[in-house]
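The structure appears right after this line, and notes come after that.
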Amino acid sequence: MGKEVIKINISKEDDHVFHRNLNLEYPIIDRAEGVYLYESSGKKFIDGCSGAVAANLGHGVTQITDAMNQQAKKAAFVHSLRFETEVLYKLSKEIIDLAPKNFSKVFYTCSGSEANESAIKLVHQYHKDRGNEFKRLIVGRWQSYHGNTLGTLSIGGDLKRRTSFSALLYEHPHINSPITDNEDMSLTNYIDELESLIKNYGAENIGAIICEPIVGSQQGAMVPPYEYFKRIKDICKKNDLLLIIDEVMTGFGRTGKNFAIEYFDVIPDIITFGKGVTGGYAPLGGIIVHNDIVKAILENSNGIFKHGFTYSGHPVLVATGLAAINYYKSNDILYNCNIQSEYLLKGLNQIYDKYKMIKSINGKGLLIGLEFVPNRDHDKDFKASEKVSERLNQISMENGLVLYPGSGAKKGKLGQHIIIAPPLTVNNTEIDEILEILDKSLLKLQKEINY
Ligand code: PLP
């Protein structure tokens, strides 16, 4: 507040940024504080989705920026092939304390995609070094996203992103993930689909299944039935498959638990994480490994994970994670997430009553999805060309609210949804502001689409 506004005037000729979309002009953010982002022109946005569901602690937390600064001054970089730092041990201990029981080691990356790539390689090495080199395939799910590298796109189910690069993708098999309102498939059908896939490909060729516990960007925070993961885990045990749970979006309190898999009382083999571990202050991700896998690596691979990146365990990134976790704990962020979730849901239910185009409200904690259809009283979806969630995102941006639009796979078609996921530090007044702008934006959208 009260800081000088920097004006940036860049002509087209002087713009050398390879923008995500070269046709668009993006607002230039000058500073951010709490749940607000300020454009250089002075316009204010309320961050209703924590950027990409990453800025879990809001913006401008000095305990975190100070810790980054201090570590950068002490030792900004050491290479993990030769050296380690104290913060690496401290953060790993904190993460293991938060993880479900019997997890014992953490490996670090710089993103969620790299975390899932690392999990794929760990699965491969685990089986190969036990003499099962053909257990290479990873079962993915159509309604899931695991990252944007070639390996993670291959196991993911993002139809839009996969299509452009389909020639480059590896052939991993996919199943559908439960859609709570899917009248065509009961839970048993989804489980049967996995069992028959294993029969077709042969358990000797499959190494793991990867799932988001609550699907974020592809499904708008649909929560699977309680029994789902128990049954998946049973099948994994029976067929010597590892269960990878991708908590890149859901981890570190986002859903009201430290990790969303806790809702299902199932212990996976590998948990992948990213985003919230630093609250978006630095690009850190990684995998948390169950002790049984660690033991196998010690016994069968001489204790060596044949994998690593230049920046694995980067001191400044790890110090940022440590400061973020200290902040989560000392400010009881989990508690705030749960009470604000109730408040947000109450407000969203009132909005639901006003708009027939909201089909369902999904999610847990502060990972809440709104699913859109032309009219929930009729069994019809929007056409693929009707990019309703993207349009809602545009309108709400104009009105100063940032949302996370999505159009993931839904029964082979594109479903329309939006995620509301403000920083977990949000308060009632800020939620009121989000709801007010959302309501105003939906009203405009409804008039435009005129169903
Ligand atoms: N996994 C999930 C569930 C995600 O939501 C994302 C990103 O949105 C990723 C993986 C990829 O993470 P990153 O973009 O950090 O590579």
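Quick notes on this one:
- Cut-off under 5 Å, modelled amide H: who pairs with residue 360 long-range: 371
- Karplus (6.51, -1.76, 1.60) ³J(HN,Hα), θ = phi - 60°, over segment 362-372, in Hz, Gly and Pro reported as x: 10, x, 9, x, 10, 10, 10, x, 10, 9, 10
- Residues with amide H under 5 Å from that of residue 175, placed H, sequence gap 5 or more: 140, 141, 142
- Note: relative contact order over segment 67-217, using C-alpha pairs below 8 Å and six or more positions apart, is 23 percent.
- Note on the chain: helix-only mean residue ellipticity at 222 nm, from DSSP H runs of 4+ residues weighted -39500 (n - 2.57) and normalised by residue number, equals -12000 deg cm²/dmol.
- Counting every pair of alpha carbons in segment 63-330, the share spaced more than 24 Å apart comes to 47 percent.
- Residues of segment 126-160 with an amide N closer than 20 Å to a point placed 7 Å from the Cα of residue 204 along the Cα-to-Cβ direction: 126-139.
- When 425, 163, 255 are sorted by how many other C-beta atoms sit within 10 angstrom of their C-beta, beginning with the fewest, the order is 163, 425, 255.
- Based on Cα contacts under 8 Å between residues 6+ apart, the chain shows a relative contact order of 22 percent.
- Given 101/364; 101/230; 238/364; 359/383, the pairs whose alpha carbons are separated by over 20 Å: 101/364; 238/364
- Label separation (residue 63 vs residue 300): 4.2 nm, computed from points 7 Å beyond Cα along the C-beta direction.
- Derived scalar couplings ³J(HN,Hα) [segment 130-147; Karplus, 6.51 cos²θ - 1.76 cosθ + 1.60; whole Hz; x for Gly, Pro]: 9, x, 10, 5, 8, 7, 9, 6, 10, 7, x, 10, 4, 9, 9, 10, 10, x
- Trypsin sites (Lys or Arg not before Pro) within segment 78-137: DSSP coil, no more than 13 neighbouring Cβ in 10 Å: 82, 101
- Ranking of 45, 103, 134 by neighbouring Cβ atoms within 10 Å, starting from the fewest: 134, 45, 103.
- Across segment 269-279, computed HN-Hα scalar couplings (Karplus, 6.51 cos²θ - 1.76 cosθ + 1.60, θ = phi - 60°) run 9, 9, 10, 9, 9, x, 4, x, 4, 10, x Hz from first to last residue, x flagging Gly and Pro.
- Relative compactness, the chain, computed as alpha-carbon Rg over 2.2 N^0.38 Å: 0.98
- Computed with the Debye formula from one identical point scatterer per Cα of segment 139-246, without solvent, the log10 of I(q)/I(0) at q = 0.20 Å⁻¹ comes to -1.09.
- Antiparallel bridges, percent of DSSP beta bridges restricted to the chain (to nearest 5): 70 percent
- Relative pair counts by distance (%), Cα atoms of segment 31-152, 10 Å bins: 9, 24, 35, 22, 8, 2, 0
- Exposed loop sites were defined as GluC sites (Glu not before Pro) in DSSP loop states (anything but H, G, I, E or B) carrying at most 15 other C-beta atoms within 10 Å; in the chain the longest segment without such a site runs 228-451.
- For residue 103, the residues 5 or more places off, or on other chains, whose built amide H falls under 5 Å of its own are 291.
- Each residue in 359, 230 was given a count of other beta-carbon atoms within 10 angstrom of its own, and listing them fewest first yields 230, 359.
- Contact order normalised by residue count of segment 63-330, Cα under 8 Å, 6+ apart, percent: 31 percent
- Extension gain from residue 162 to residue 84, taking 0.36 nm per residue of separation minus the Cα-Cα distance: 24.3 nm
Every read-out reported here was derived from the displayed coordinates using simple, explicitly stated rules and does not represent laboratory data. Nothing here was measured: the structure is a model prediction, and the numbers come from that model. No Cβ is skipped: glycine too gets one built from the backbone with ideal geometry, and neighbour counts run over all protein chains shown.
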